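A short write-up of the structure that comes next.
The values are calculated or read from the model by the stated rules, or taken from the named source; none is laboratory data. These numbers were taken from a predicted model, which means no experiment stands behind them. Here the Cβ positions follow ideal geometry from the backbone for every residue, glycine too, while neighbour counts run over all protein chains shown.
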Amino acid sequence: MSGPKTGPSTQGLQTLAIPFVCILVGFLGYYSQWLFWNSPDLAPGPLPIRQTAVFNVLLACVWWTYYRACTVDPGRYTFPTGIAASAPSSPSKPETPAKPPGKGAPRWCKKCQAPKPPRAHHCRHCGRCIPKMDHHCPWTGNCVSMQTFPYFFRFLLYTNFALWMLGVLVFQRLANIWSERHLPAYLGPTLPHLIALTMVSLVCAGTSMALLVLLVTTARGWVLNSTMIEDWEVDRHEAVLSRLEDSGDGDGPGSDFWGADGNSGQLVQHLDRVEFPYDLGVFANMAQGMGTRNPLLWFFPLAGGPRISTTPGKGPGWEWEENGFNDLPGLWPPPDPEKLRRAQSGWPGAASRIMADGEASYYPDPRKSETPEQVKASFAQRQAVDMQRKKMYLQTQTQRSGILAELEELDGPAGGAQAGYYEYDGVPAWTNAGGDRLWDYGVDEDVEEDGIMRQQQHLIPVGEDGGDDDVPIAELIRRRKVLTREADG
């Protein structure tokens with residue numbers, strides 16, 4: 001997709017985004033001043049000293065904040081040697097099977113080969129997990145994240161201020177031309193100057209509208225302490241609950257969600273509403289986003305921003321305060337029932353849940369009795385099947401029209417006017433009402449959610465499903481032993 005939020009989707013166009021922004025700032029900021037100074041017939045004439053100083057100070061703030069938004073590192077998680085292999089896979093004290101495990105079950109990124117902290121996402125452009133990733137912005141060539149958000153927001157703020165001032169200056173000259181429209185043409189501005197003023201006014205109006213939308217959406221996320229990706233997750237969760245309520249499969253949100261075979265009568269999960277946990281209140285949200293509780297520094301162009309903690313697993317970027325509206329911490333993001341149903345129906349070794357009188361119970365997982373050699377063999381078999389599926393998908397894509405395949409890969413479902421599921425890499429994936437999916441925000445969809453679903457539902461340990469096939473074998477065996485000891489205890 002392409003838009004003011006996430007920019008052009010085509011990789012080749014993204015390399016031109018930053019030069020385009022620089023040319024646009026130069027055209028609107030400096031060519032307009034040259035035009036005002038060299039067109040005395042454009043009343044009220046050249047800018048006075050005061051207006052010139054204010055406008056150029058705003059331009060300086062635009063350039064500096066844009067430079068910082070482009071160059072500040074979005075954040076990097078560093079783990080001590082061996083921590084990935086020793087990351088805990090289950091709570092020290094097991095939770096009841098009826099509820100998700102909460103904080104005790106870490107997510108795993110198969111690309112980074114490391115645990116994935118809360119609110120982090122793997123960016124397909126940066127090639128690593130980004131703390132509190134909002135989206136990857138091609139206009140800055142950088143991720144909008146916990147560390148870069150203050151600079152990105154200040155850039156939008158000062159850019160809008162400069163555009164509004166320019167809009168006022170252009171409007172004054174257009175209004176004067178209209179008021180003198182009945183005078184002879186030779187008494188007014190020349191035709192080249194009229195064309196130049198028209199170009200400046202049109203570009204200023206279009207840029208102002210696009211950046212105003214982006215400023216409003218960014219400010220909304222700042223006040224609510226949510227990112228574009230988390231807004232997408234909220235929309236998906238609400239759509240799932242609404243579909244459950246409308247389907248008549250229960251008594252509204254929290255009703256039972258049926259498995260892939262609707263005629264089997266088997267229930268795969270009990271889906272409850274999960275409240276967004278990171279909204280701490282307006283002031284606390286804004287202070288957390290800017291990294292300081294001093295409001296004077298929020299809008300100061302030379303101010304800094306929050307930094308990820310250098311202590312692995314502790315502090316900013318690793319831990320996030322929650323509002324306590326949910327029964328347990330660490331429940332976000334909510335699971336995708338479509339992926340849970342595929343996991344249930346496609347995995348003969350996955351545990352099954354049945355619901356009786358409001359209580360949850362599980363059939364035993366037969367793989368708990370497997371030897372380490374059998375676990376390795378099963379893992380290798382799943383890897384081979386997954387690689388074969390991807391190979392077949394790539395072969396199918398190469399046989400299709402190049403333009404059509406590119407459009408479908410970049411823009412998702414045709415139309416994109418309604419929320420729903422579409423085929424991505426042969427697997428249904430969800431889009432919101434705007435047609436956006438995680439791919440459009442720069443998230444690597446291949447590793448984003450598959451490793452979370454059954455982990456959150458206590459179906460199997462993280463790393464043992466198709467979404468985490470790159471987790472080391474030693475880590476899988478260690479986790480299997482831990483779960484077996486807990487089950488025996």
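Looking at (1) β-branched (V, I, T); (2) at pLDDT 80 or above; (3) under 30 Å from the mean Cα position of the chain (by Cα), which is the only condition T81 fails?
The number of the failed condition is (2).
Go over the candidates G291, G315, G262 one by one and state the one that is more than 30 Å from T159 (Cβ to Cβ) and at pLDDT 80 or above.
Selected residue: G315, the only one of G291, G315, G262 that is more than 30 Å from T159 (Cβ to Cβ) and at pLDDT 80 or above.
Can you tell me how many residues within the stretch 172-203 are touching a helix residue (DSSP H, G or I) at 6+ places or on another chain (Cβ under 8 Å) and either farther than 18 Å from W37 by Cα or aromatic (F, W, Y) (or both)?
2
Can you find, within the stretch 39-55, the residue that is surrounded by the most Cβ atoms within 10 Å (Cβ to Cβ) among those that are of a type in the set (S, T, N, Q) and touching a residue at least 24 places away in the same chain (Cβ under 8 Å)?
Step one: of the stretch 39-55, the residues of a type in the set (S, T, N, Q) are 39, 51-52.
Then drop every residue that is not touching a residue at least 24 places away in the same chain (Cβ under 8 Å), which leaves 39, 51.
Working: S39: 19, Q51: 15.
Taking the candidates together, the pick is S39.
Might you let me know whether the stretch 64-78 holds any residue that is β-branched (V, I, T), modelled with pLDDT of 95 or more and closer than 30 Å to P192 by Cβ?
So far as the stretch 64-78 goes, no, none of its residues is β-branched (V, I, T), modelled with pLDDT of 95 or more and closer than 30 Å to P192 by Cβ.
Of the conditions (1) closer than 17 Å to M133 by Cβ; (2) modelled with pLDDT of 95 or more, M209 satisfies every one except a single condition; which number is it?
Among (1) closer than 17 Å to M133 by Cβ; (2) modelled with pLDDT of 95 or more, M209 violates only (1).
So that you can scan it fast, the table gives a plain yes or no per residue for (1) without any contact (Cβ under 8 Å) to a residue 60 or more places away in the chain; (2) assigned to a helix (DSSP H, G or I); (3) aromatic (F, W, Y); (4) outside the structural domain of C70 (by TED's automatic domain parsing):
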| residue | (1), (2), (3), (4) |
| --- | --- |
| H125 | no, no, no, no |
| C129 | yes, no, no, no |
| H136 | no, no, no, no |
| W139 | no, no, yes, no |
| C143 | no, no, no, no |
| Y151 | no, yes, yes, no |
| L156 | no, yes, no, no |
| A162 | no, yes, no, no |
